[in-house]
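Everything below concerns the one structure shown next.
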Amino acid sequence: MLAMAYEEREPTLWEAAASNDVAIVAQRLLEPDTPVDLFNEAGASALHVAASRGHVATTRFLLEREPQAASVHLRDLESGWTALHRALYHGTA
């Protein structure tokens, strides 16, 4: 029963960014109280997640999003790194 409940829930903003699902990322950002630079429990934004995994489509969407794009200067809460730092560290830049 627990597995079924998990499968039926919608992915979070960060799960969508991690799986390069631009449509779900866009959908999540249309929800009230979901700013583009919102941190997850690990202290990372959707841009940090997408960039560290080399997801070009999601990264580009977040950086070019109107009216408010993700900040390239935003530092994660874990290491103080920007999305570019994470991408370089993970070899996806």
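Any chance you could count how many residues in region 53-83 are of a type in the set (K, R) and more than 16 Å from A16 (Cβ to Cβ)?
So the count comes out to 1.
Among the residues of region 36-48, write down those that are of a type outside the set (S, T, N, Q) and open to solvent by 20 Å² or more (accessible area, probe 1.4 Å).
Passing the criteria: D37, L38, F39, E41, A42.
Can you tell me which of (1) surrounded by fewer than 15 Cβ atoms within 10 Å (Cβ to Cβ); (2) in a helix (DSSP H, G or I) is the one A69 doesn't meet?
Here A69 clears every test but (2).
Are any of the residues in region 27-35 surrounded by 13 or more Cβ atoms within 10 Å (Cβ to Cβ), part of a helix (DSSP H, G or I) and in contact with a Leu (Cβ under 6 Å, 6 or more places away or on another chain)?
yes
Just to be sure before I move on: is T92 among the β-branched types (V, I, T), more than 20 Å from E41 (Cα to Cα) and surrounded by 12 or more Cβ atoms within 10 Å (Cβ to Cβ) in the structure I sent?
yes
Do we have any residue at all in region 49-66 that's farther than 22 Å from Y89 by Cβ, open to solvent by 40 Å² or more (accessible area, probe 1.4 Å) and part of a loop (DSSP other than H, G, I, E, B)?
Yes.
The values are calculated or read from the model by the stated rules, or taken from the named source; none is laboratory data. What you see is a predicted model; the values in this text were computed from it and never measured. Cβ coordinates were reconstructed from backbone atoms using ideal geometry, including for glycine residues, and neighbour counts include every protein chain displayed. Ligands, DNA and RNA are excluded from the accessible area calculation, which covers all protein heavy atoms including side chains. Shrake-Rupley method; radii C 1.70, N 1.55, O 1.52, S 1.80 Å.
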